[in-house]
Amino acid sequence: MHNEHSDTHFQSRIDNGEHIEAKDYMPEGYRKHLIRQMSQHAHSEVIGMQPEGNWITRAPSLRAKQILLAKIQDEGGHGLYLYSAVETLGVSRAELIEQLQTGKAKYSSIFNYPALNWADIGAIGWLVDGAAIVNQVSLQRTSYGPYSRAMVRICKEESFHQRQGYEIMTTMMRGTKDQQAMAQDAMNRWWWPSLMMFGPHDSDSPRSGDAVKWKIKRETNDELRQKFIDKTIPQAELIGLTIPDKNFKLDEKTGHYTLSPINWEEFHRVVSGHGPCNKQRLDHHIKYHQEGAWVREAAEAYKLKTAKKELVTA
Amino acid sequence: MTTKDATYNYAIRLGDNALILGHRLSELCSRGPILEEDLALTNVALDMIGRAQALLKYAAELEGKGHTEDDIAYRRAEINYHNHLLIEQPNGDFAHTIARQLYLSVFEYLFFTELEKSKDATLAAIASKTIKEVKYHMQHAIDWTLRLGDGTVESHKRMQKGLNDLYMYTGELFEMDHIDTYLLHQHIAVDTLSLKAKWQSEIEKVLTEATLSLPEDTYMQTGSKKGVHTENLGHILSEMQYLQRAYPDAKW
Ligand SMILES: [Fe+2]
Ligand SMILES: [Fe+2]
Ligand SMILES: [Fe+2]
């Protein structure tokens, strides 16, 4: 009954608000849940480089180009940092990438939407990073130490991205008619998918139970979504963007906004692989991963050769 | 020709080199052979765009027509662009990209070490900031040249091909025209001709260690100082300048 004892002990550590570290005992379910969630997060950072990368060469000013390049570089860095954090749980990056490419692991469905005009770069920063932050701020208090620390570090950069995205939207709403139309078009396309980023309603979210008990998840999908909505609607209104929802209103009693129902049919369709860019994103990842194989092999061969040379001369 | 005009042209050339290389390298975003490398190349691209901004801003000041660095970058036609032909060449495979980086970064290291001594204070200041970045770019290119050259049979073959294919564009790096000579006399410009031997021996040293060889002498392509480019530049500019050209009244 040693294992049972450990599980009890583990749960009491969680209940006491302690961090679990890589070498500590953890139930298999806890480890599995973390691997799934953290690798999904890492993959999202990496796949997210594609829609934003789509605009670097067309960025309309040298300043905008630098901000976008730096942002994408941050996201790649988050990916690396998160992959290392998952590796503490005993899975290699190569395995994680294989899971991504075979569809066994997911990434955030938001990146299965296309970045079609320059304002999309604003909308992604403002809405997508904005939604990610709400989730990640909450995850700073998650029970797994390496994940929690990764979130603390990542959150600082994400809030920077959110502000830069909002700045693009603001500039475009103050700009010409064409620019305003681009901004509104981006808003119309990214608003609902960004609300879907928080996942299904709590009532339809099967995995929440354990994740809450283990304090991996500190707030529910609906709580986090509501925070995002309440924070974002006034920002949209401030710069003259229309919320693409005829029924949204502020409930004076609760201080929260209420919206039309989310189109969960679309959410499930995109998650299950039929969004506008699912195939493109994965194909892209696989293509360049395969094209890079000879480079990785060369680096490995060179490393072995130089190690051997050092052995001989030592 | 006044010193101001000549320096304007000089700043444009250097700015264009940085801008177009930044463009080429940023095309590789999300296409690296490994995530670390994706970030490394994006990092070089970022340095390049930063350098381009500083140089084109200076050019705009010298021009004195109230233009910004963005006007200069986004509203000029091909013929008024003066980046080296080597820089606008497509990325090709990773070995090709590294070959371009090797040729250029070794050149830039030598170049900016000299430009740091320029009597033009702005160029000297930009050069001394650039040197720190270029050291890293050069080390990155050398490390990969060694890995690819002395890695596998395939990587060796690809690396040698990249070096061979691009060699004909390296002669231009050392060309001196009347603007260079004029500014050299005023201790503003770099005597690039004097860098050639050093460049060649540095490159040879790296290639020897990498079990690669310096390509055979060949006819060296030329034209960028006169605004005559390869077909590549037009495509780069039509992509890069698209928003500024399509919405000329917009501010971004
Ligand atoms: Fe993100
Ligand atoms: Fe991120
Ligand atoms: Fe971000």
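Overview of values
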item	result
Pairs where the first residue, in region A:180-194, is touching a residue at least 24 places away in the same chain (Cβ under 8 Å) and the second is open to solvent by 60 Å² or more (accessible area, probe 1.4 Å), C-beta under 7 Å, 6+ apart	A:184/A:242; A:192/A:263
Residue in region A:155-172 that is farthest from residue A:235 (Cα to Cα), counting only those that are open to solvent by 30 Å² or more (accessible area, probe 1.4 Å) and not acidic (Asp, Glu)	A:156
Matching residues, region B:87-110, being surrounded by fewer than 24 Cβ atoms within 10 Å (Cβ to Cβ) and touching a Phe, Trp or Tyr at 6+ places or on another chain (Cβ under 7 Å)	B:89, B:110
Residues being closer than 20 Å to residue A:172 by Cα and of a type in the set (Asp, Glu) - total across region A:231-249	1
Candidate set: region B:121-148, residues that are within 14 Å of residue B:190 (Cβ to Cβ) and surrounded by fewer than 21 Cβ atoms within 10 Å (Cβ to Cβ); chosen: the one nearest to the chain's Cα centre (by Cα)	B:131
Matching residues in region A:53-74 - criterion: being within 16 Å of ligand 2 (Cβ to nearest atom) and open to solvent by 10 Å² or more (accessible area, probe 1.4 Å)	A:53, A:67, A:70, A:71, A:73, A:74
Verdict on residue A:73 being more than 16 Å from ligand 1 (Cβ to nearest atom), among the polar types (S, T, N, Q), within 18 Å of residue A:48 (Cα to Cα) and in a helix (DSSP H, G or I)	no
Helices (runs of 4 or more DSSP H) wholly inside region A:176-261 containing at least 1 residues that are acidic (Asp, Glu) and under 15 Å from residue A:134 (Cα atoms)	A:221-238
So residue A:115, is it within 16 Å of ligand 1 (Cβ to nearest atom), open to solvent by less than 10 Å² (accessible area, probe 1.4 Å), over 15 Å from the mean Cα position of the chain (by Cα) and farther than 19 Å from residue A:238 by Cα	yes
Top-ranked residue in region A:13-52 [being without any contact (Cβ under 8 Å) to a residue 60 or more places away in the chain, open to solvent by 50 Å² or more (accessible area, probe 1.4 Å) and not in a loop (DSSP other than H, G, I, E, B); ranked as nearest to residue A:213 (Cα to Cα)]	A:15
Close pairs (7 angstrom Cβ cut-off, 6 or more residues apart or separate chains): free of Cβ contacts under 8 Å to residues at least 24 places away in the same chain in region B:59-81, part of a loop (DSSP other than H, G, I, E, B) anywhere	B:60/B:67; B:60/B:68
Helices (runs of 4 or more DSSP H) completely within region A:83-155 that count 3 or more residues being within 16 Å of ligand 3 (Cβ to nearest atom)	A:118-123, A:130-139
Set A:133, A:168: member being touching a residue at least 12 places away in the same chain (Cβ under 8 Å), in contact with a Gly (Cβ under 9 Å, 6 or more places away or on another chain) and of a type outside the set (Ser, Thr, Tyr)	A:168
Hey, residue B:108 at negative phi, under 17 Å from the mean Cα position of the chain (by Cα) and among the charged types (D, E, K, R) or not	yes
Residues satisfying the stated conditions in region A:65-81, i.e. within 22 Å of residue B:21 (Cα to Cα) and within 16 Å of ligand 3 (Cβ to nearest atom)	A:66, A:67, A:68, A:69, A:70, A:71, A:72, A:73, A:74, A:76
Of all residues in region B:149-176 being open to solvent by 10 Å² or more (accessible area, probe 1.4 Å) and among the hydroxyl-bearing types (Ser, Thr, Tyr), the one that is nearest to the other protein chains (Cβ to nearest Cβ)	B:152
Residue tally, condition of a type in the set (A, V, I, L, M) and exposed (fewer than 12 other Cβ atoms within 10 Å of the Cβ), over region A:294-314	5
Checking residue A:190 against (1) under 18 Å from residue A:124 (Cβ atoms); (2) within 14 Å of another protein chain (Cβ to nearest Cβ); (3) more than 14 Å from ligand 2 (Cβ to nearest atom); (4) not basic (Lys, Arg), the condition it does not meet	(2)
Output for region A:22-50, where each listed residue is within 16 Å of ligand 3 (Cβ to nearest atom), away from chain B (no Cβ under 14 Å) and not polar (S, T, N, Q)	A:41
Helices (runs of 4 or more DSSP H) within region B:1-106 that include 2 or more residues within 11 Å of another protein chain (Cβ to nearest Cβ)	B:3-26, B:35-63, B:69-74
So residue A:87, is it within 14 Å of another protein chain (Cβ to nearest Cβ), under 23 Å from residue A:156 (Cβ atoms), among the acidic types (Asp, Glu) and crowded, with 24+ Cβ neighbours inside 10 Å	no
Count of region B:209-222 residues which are touching a residue at least 60 places away in the same chain (Cβ under 8 Å) and surrounded by 14 or more Cβ atoms within 10 Å (Cβ to Cβ)	4
Per-region count, region A:113-139, residues more than 14 Å from ligand 2 (Cβ to nearest atom) and within 30 Å of residue A:18 (Cβ to Cβ)	1
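The values are calculated or read from the model by the stated rules, or taken from the named source; none is laboratory data. Remember, predicted model here, so these are calculated numbers, not experimental data. Virtual Cβ from ideal backbone geometry, glycine too; neighbours counted across all protein chains shown. Only protein heavy atoms, including side chains, enter the accessible area calculation; ligands, DNA and RNA are left aside. Shrake-Rupley method; radii C 1.70, N 1.55, O 1.52, S 1.80 Å.
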